[in-house]
Amino acid sequence: MFKIGNIKIESPLFLAPMAGVTDHPFRVICKRFGAGMVYTEFVSADGIIRENEKTLNMIKFSDEERPIGVQIFGDDPEVVSKSAKYIYDNFKPDLIDINYGCPVPKVTKKGAGSAALKDLCIMEDITAAVIDAVPQIPITVKMRVGWDSENIVSTKAGILLEKLGIKAIALHGRTSTQLYKGKANWDYIKELKESVNIPVIGNGDVLNYTDFNNMIEYTKCDAVMIGRGALGNPWIFRNIQDEIFSEDYKVNNLDTVKKTCIEHIKLLIENKAEKVSVGLSKKHLSWYLKGFKNSSIYRKEIMYCENVNDMIKILKNI
Ligand SMILES: Cc1cc2nc3c(=O)[nH]c(=O)nc-3n(C[C@H](O)[C@H](O)[C@H](O)COP(=O)(O)O)c2cc1C
């Protein structure tokens, strides 16, 4: 157990923020399978202060998800800090996380996301403004190691962020230009951990207990954040935890997968419009069913479904 600011973190297994994936239903499922901390998808600071309905819906969460972080991105210190205050006043999450890692051009060309890694002055201004606007809860950062391999800044940025009052840093061991290619370089996570006193959350390429253990042993990071390893595999948190405590849970049987799929679909339908739920169910089911016998046949059938009841029927017949 460790703390981020004054928040007790019971498990060192964090669900990474993922746009289009870590919505309320998926977060609830990961939480039920033991995720120690979950985050919203990144939300636009501009959208928040304009009170865009779709953006605000992305922030809604239930108490079951706590501790939860709302992740924001933006390029203007005033807008980002106003959005952080709006989030605190209206939603009261456990923490607010600033995204300095997104490599998507639509985000970086305006100076947001990982573009801040090219200009630590901007990073400093945004961070200081957010901390000043929301002194009540911890402000954290998630970032990549640098813009490109010639410009690695994670340790320098980490020291600066700690001085400004950031309470934890999640570091994805890739550069922005690397996108998801190659391997995450855990050396930078290790270096950051040796250089700051706040918790460091290691991120990148953890797919199972062995990876988790290797990352903790090698970098000495305080927690591990898992993204792609949780797609269609939310029990990864429980499975890793059980290896840590030598218990024997191991979810990988078809019955649990089917039960989780149906639970996920029901959560989607309770929380979103039918059309959106159908689209998201197709995406998640194709991840969940990967690797099972005849899965390509079922996945194809599911792709043709026009409503969730038909999907549930297919699942029940597998
Ligand atoms: C579909 C998808 C969406 C993502 N969206 C976000 C996001 O909104 N905010 C963020 O900080 N990182 C985002 N990421 C990056 C992940 O949080 C994580 O840093 C990255 O996937 C590396 O971790 P992994 O190897 O465990 O997947 C996203 C990644 C994926 C695959």
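The values are calculated or read from the model by the stated rules, or taken from the named source; none is laboratory data. What you are looking at is a predicted structure, and each value in this text was computed from that prediction instead of being measured. Please note: Cβ atoms are built from the backbone with ideal geometry, for glycine as well, and neighbour counts cover all protein chains shown. Surface areas here come from the heavy atoms of the whole protein model, side chains and all, with no ligands, DNA or RNA. Shrake-Rupley method; radii C 1.70, N 1.55, O 1.52, S 1.80 Å.
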So, in Å, what gap is there between the alpha-carbon centers of the range 4-37 and the range 96-148?
-> 21
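Scale the Cα Rg of the range 161-318 by the rule-of-thumb value 2.2 N^0.38 Å and send over the ratio, two decimals. Please list the in-between numbers first.
On the way: Rg = 19.0 Å, N = 158, 2.2 N^0.38 = 15.1 Å.
So the range 161-318 has a normalised radius of gyration of 1.26.
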Qualifying chymotrypsin sites (Phe, Trp or Tyr not before Pro) for the range 177-247 [loop in DSSP, other Cβ within 10 Å: at most 16] = Tyr180, Phe245
Stick to the Cα atoms of the chain, pair each with every other, and give me the Kirkwood hydrodynamic radius in Å at one decimal.
-> 20.0
Using a 1.4 angstrom probe, figure out how much accessible area the chain has per residue, in square angstrom, rounded to the nearest whole.
-> 45
Acute angle (nearest 10 degrees) that the helix 77-91 long axis makes with the longest principal axis of the chain, alpha-carbon atoms = 50
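Starting from the alpha-carbon convex hull of the range 254-317, give the projected area averaged over all orientations, in nm².
Directional mean of the projected Cα hull area for the range 254-317 stands at 3.6 nm².
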Acute angle (nearest 10 degrees) that the helix 254-271 long axis makes with the longest principal axis of the chain, alpha-carbon atoms = 70
Toy charge model, Lys and Arg Cβ at +1, Asp and Glu Cβ at -1: the chain dipole around Cα centroid in debye, rounded to 20, equals 920
Gaussian network model of the chain, springs between alpha carbon atoms under 10 Å - residue of Asp119, Asp94, Asp75 with greatest fluctuation = Asp119
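Taking Cα pairs under 8 Å and at least six residues apart, what relative contact order does the range 211-291 come out at, in percent?
Working: 42 pairs, mean separation 25.0, N = 81.
Once normalised by length, the contact order is 31 percent.
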Of the accessible area of the range 254-317, with the probe set at 1.4 angstrom, what percent is carbon plus sulfur?
-> 52
Mean-position separation - Cα centroids, the range 265-303 and the range 171-236, in angstrom | 28
Sequence neighbours fewer than 8 away in the same chain don't count; with that in mind, list the aspartates and glutamates whose C-alpha is under 14 Å from Lys54.
-> Asp23, Glu41, Asp46
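Just tell me the longest site-free run in the chain, where the sites are GluC sites (Glu not before Pro) in a DSSP loop having at most 14 other beta-carbon atoms within 10 Å.
52-149
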Picking from Ser286, Asn307, His264, whose Cα lies most toward the positive end of the charge dipole for the range 254-317 (charges on Cβ: Lys, Arg +1; Asp, Glu -1)?
-> Ser286
Once you've got the Cα coordinates, tell me which of Lys183/Lys283; Lys60/Lys85; Lys3/Lys60 are over 19 Å apart.
-> Lys183/Lys283; Lys3/Lys60
What do you reckon, how do Lys31, Lys275, Lys156, Lys283 stack up by accessible area (1.4 Å probe), largest on top?
-> Lys275, Lys156, Lys283, Lys31
Relative contact order for the range 254-317: what is it in percent, counting Cα pairs under 8 Å that are at least 6 residues apart?
-> 36
Nearest-ten-degree value, helix 209-219 long axis tilted from longest Cα axis of the chain = 10
With only helices counted (DSSP H, runs n ≥ 4, each -39500 (n - 2.57)), the per-residue ellipticity at 222 nm for the chain, to the nearest 500, works out to -13500 deg cm²/dmol
